[in-house]
Structure formats: structure tokens, C-alpha cells
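The values are calculated or read from the model by the stated rules, or taken from the named source; none is laboratory data. Every value quoted in this text rests on a predicted model; they were computed, and no experiment measured them. Here the Cβ is made from the backbone with ideal geometry for all residues, glycine too, and neighbour counts use every protein chain on show. With ligands, DNA and RNA removed, areas are computed over all heavy atoms of the protein, side chains included. Shrake-Rupley method; radii C 1.70, N 1.55, O 1.52, S 1.80 Å.
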Amino acid sequence: MRKHFIWAGAILALAVSTVSACGSGPSASSSTTSSSCVNPSAPHRAYVVVEHGTSSHQIQKCIGFAGDTIDGQTLMDESGIEYQTQTFSFGKAVCQIDSEPAQYSSCFANSGPNWLLFVDTAGTWAEAQTAYTQITLHDKEAFGWEYTADQSPSPPPLPKE
């Protein structure tokens with residue numbers, strides 16, 4: 001099982017994607033935005049799930065791809081989800097996803113929420129251990145972004161096919 005994680009901040013906030021991204025924990029009152037698959041005729045699918053911290057709004061995007069794998073940069077770019085990144089010694093970190101936070105002066109907040117990245121392999125989320133650009137996904141695997149200040153965050157819901 002591959003685990004991938006990107007540290008978002010000095011303490012433990014994580015980042016991922018062309019800019020790392022995540023959202024807050026699941027909520028019964030959350031709303032989900034989903035769309036049909038990008039490249040629907042492709043034989044393989046990977047997903048991006050974003051869970052916002054301020055509104056519990058969720059986004060799920062499906063990306064079809066032809067090769068055996070898809071890299072994290074391509075997955076985020078083809079998802080069409082807005083995101084902003086910053087390059088560090090460990091790779092790219094996601095500072096903003098889908099306009100959250102609305103503004104930032106530093107990619108990693110010293111206090112408050114940051115984007116945390118989870119990777120779904122074989123139906124189980126694991127915190128990413130590297131930058132999202134260094135992650136390769138196979139068919140039916142996913143990125144899960146959560147915007148949180150929680151030191152023990154729960155991952156977003158697994159993607160729905």
C-alpha cells in the first residue's frame with residue numbers, strides 16, 4: 001500500500017496538488033458538487049475529492065486517463081478545480097483550493113487551517129507522505145483534500161463512481 005503525505009506547515013498541516021488542497025471533515029449537512037468524467041471514453045478513472053472547512057461543501061471530480069497511471073499534477077490540472085501552489089524543497093504545496101482560503105499571505109498558516117492531502121488506494125485513505133506532484137495514481141484511486149486545523153483529521157468521503 002502506498003502512502004503519500006505532504007506537510008503543510010511547521011506543525012503538521014499538509015498540502016497537496018499543483019498547490020496542496022483539502023477540506024474539513026464530513027458533515028451530514030454538506031453539499032456535494034460532482035460532474036461527469038473528464039475524458040469519459042478513457043479506460044481508467046481517478047478522482048479528486050475536496051472538502052471545504054468553512055462550508056462543508058464537497059467537490060468530486062472524475063478524470064479519465066488512457067495509460068496505466070496518472071500523475072498528481074495532471075490529475076489536479078485536468079480536474080478543472082481552481083488551486084494555487086507554492087514550491088518548497090519537498091515539492092509543490094497546495095495553498096488554496098476552490099478559492100479557500102479566500103486570501104493568504106503564506107501557504108502554511110502558523111495557526112488555523114491548511115490543506116491536507118489523503119490518497120485513496122484500494123478503497124482506504126492514507127495521509128500523503130510527499131508532495132502531490134510526486135504521487136502516481138492507478139485506476140479507481142483518488143486524491144482527497146481537506147481544509148482543516150485538526151491535528152487528527154478524518155479524511156473526506158471516498159469518491160462515488
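Determine if region 104-121 includes at least one residue that is of a type in the set (G, A, S) and in contact with a helix residue (DSSP H, G or I) (Cβ under 8 Å, 6 or more places away or on another chain).
So the first thing to find is which residues in region 104-121 are of a type in the set (G, A, S), and the list is 105-106, 109, 111-112.
Subset that is in contact with a helix residue (DSSP H, G or I) (Cβ under 8 Å, 6 or more places away or on another chain): none.
Scanning region 104-121, I find no residue that is of a type in the set (G, A, S) and in contact with a helix residue (DSSP H, G or I) (Cβ under 8 Å, 6 or more places away or on another chain), so the answer is no.
So which residues in region 101-118 are more than 20 Å from Q134 (Cβ to Cβ) and buried (at least 23 other Cβ atoms within 10 Å of the Cβ), if there are any at all?
Looking only at region 101-118, we keep the residues that are more than 20 Å from Q134 (Cβ to Cβ), and these are 101-106, 109-113.
Passing the criteria: only P113.
Being open to solvent by 60 Å² or more (accessible area, probe 1.4 Å) and out of contact with any strand residue (DSSP E or B) (no Cβ under 9 Å at 6 or more places or on another chain) is the requirement here; does S89 meet it? Write out each step before concluding.
Numbers: open to solvent by 60 Å² or more (accessible area, probe 1.4 Å): yes; out of contact with any strand residue (DSSP E or B) (no Cβ under 9 Å at 6 or more places or on another chain): yes.
Answer is yes for this residue.
Select, from G67, G53, the only residue that is surrounded by 19 or more Cβ atoms within 10 Å (Cβ to Cβ), outside any strand (DSSP E or B) and small (G, A, S). Working first, answer last.
Numbers: G67 fails: surrounded by 19 or more Cβ atoms within 10 Å (Cβ to Cβ).
The match here is G53.
Would you please name the residue that is farthest from T85 (Cα to Cα), looking only at residues in region 100-124 that are among the hydroxyl-bearing types (S, T, Y) and over 14 Å from the mean Cα position of the chain (by Cα)? Steps first, please.
Let us first name the residues in region 100-124 that are among the hydroxyl-bearing types (S, T, Y), namely 104-106, 111, 121, 124.
Within this subset, residues satisfying the condition of being over 14 Å from the mean Cα position of the chain (by Cα) are 104-106, 111, 124.
Working: Y104: 11, S105: 12, S106: 11, S111: 19, T124: 26 Å.
Checking each candidate, the answer is T124.
How about region 89-107: which of its residues are free of Cβ contacts under 8 Å to residues at least 24 places away in the same chain and either closer than 23 Å to A46 by Cα or part of a strand (DSSP E or B) (or both)?
S99
Please verify whether I70 is at pLDDT 95 or above and over 13 Å from A142 (Cα atoms), treating the condition exactly as stated.
Details: at pLDDT 95 or above: yes; over 13 Å from A142 (Cα atoms): no.
Spelling it out, it is not the case that I70 is at pLDDT 95 or above and over 13 Å from A142 (Cα atoms).
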